[in-house]
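*Asks:* My questions will all concern the structure given below.
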Amino acid sequence: MNPPSPPAAPEGEPPGPQKLREQYEAGATVQELVDANCLPYGTVLNRLHDAGTVMRTPWQTRRLREDPQARARLAARLRVLYEKHGATLNELACKAGKSKPATRRLLIEAGGEVRTTRQTRQIRSAPSKAKRTKLALWLREQYEAGASVPELARACNFSVATVYRLLREAGTPMRPQHRHGPARHLRKQP
């Protein structure tokens, strides 16, 4: 939704500062005013400053020309990705083709709240945490059915220490450890 290009000045009559200001405030860029009026870039800038024009940044110009409904749809889509799927601002910026600050503004416009890094880590680790809990419960079931910790470690390709840790996380009541040497009372005393 671009504004119409400013009308070219009639031959021999350069536009005054006020006329240039009106065109600029209607959405024209400095370069478009230069092209339409066949004036040097510096002259257009000087006339705009003489008229007291408040200059825009390039991102403000892009925002002025953006379709408001398309912007609102993009902001809503980014909010869903951010809140429901745990996407980061960098991932959203890549998806939207915008900078990280612009993406942040869109997210806030859509009513979203920006998370801390810690909150993002918690959201993203939730699926792996659920998977770990499921594994721990399966190990507990196998252990209570009679499997030994070394057998479970070999079956899962984990270390014995990891299996013990997962069993503790699952709240498994542990069997007493077996002594693999001669009984204490049968050992010879020196």
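The values are calculated or read from the model by the stated rules, or taken from the named source; none is laboratory data. It should be emphasised that the depicted structure is a prediction, and the values quoted were computed from it without experimental measurement. Quick reminder, even Gly has a Cβ in these numbers, built from the backbone with ideal geometry, and neighbours come from all protein chains shown. Heads up: the accessible areas ignore ligands, DNA and RNA and are worked out on the full protein's heavy atoms, side chains in. Shrake-Rupley method; radii C 1.70, N 1.55, O 1.52, S 1.80 Å.
*Asks:* Filter the helices (runs of 4 or more DSSP H) completely within region 52-141 down to those with at least 1 residues that are over 11 Å from the mean Cα position of the chain (by Cα). Before you say what the answer is, go through the steps one by one.
*Replies:* Numbers: elements: 58-65, 68-84, 89-96, 100-109.
Once the helices (runs of 4 or more DSSP H) in region 52-141 are filtered for at least 1 residues that are over 11 Å from the mean Cα position of the chain (by Cα), what remains is 58-65, 68-84, 100-109.
*Asks:* Can you name the number of the only condition in (1) surrounded by 11 or more Cβ atoms within 10 Å (Cβ to Cβ); (2) farther than 30 Å from G27 by Cα that A130 fails?
*Replies:* Status for A130: all satisfied but (1).
*Asks:* Can I ask one more? Across region 10-54, what is the number of residues that are surrounded by fewer than 11 Cβ atoms within 10 Å (Cβ to Cβ) and of a type in the set (A, V, I, L, M, F, W, C)?
*Replies:* The number of residues fulfilling the criteria is 2.
*Asks:* Filter region 72-95 for residues that are surrounded by fewer than 18 Cβ atoms within 10 Å (Cβ to Cβ) and small (G, A, S) and give the result.
*Replies:* Within region 72-95, A72, A76 meet the criteria.
*Asks:* Does region 96-120 hold any residues that are among the β-branched types (V, I, T) and either open to solvent by 80 Å² or more (accessible area, probe 1.4 Å) or in contact with a Phe, Trp or Tyr (Cβ under 7 Å, 6 or more places away or on another chain) (or both), and which are they?
*Replies:* I108, T117
*Asks:* Same structure again: Can you tell me which residues in region 142-170 are surrounded by 16 or more Cβ atoms within 10 Å (Cβ to Cβ), assigned to a helix (DSSP H, G or I), of a type in the set (A, V, I, L, M, F, W, C) and free of Cβ contacts under 8 Å to residues at least 24 places away in the same chain?
*Replies:* V149, L152, A153
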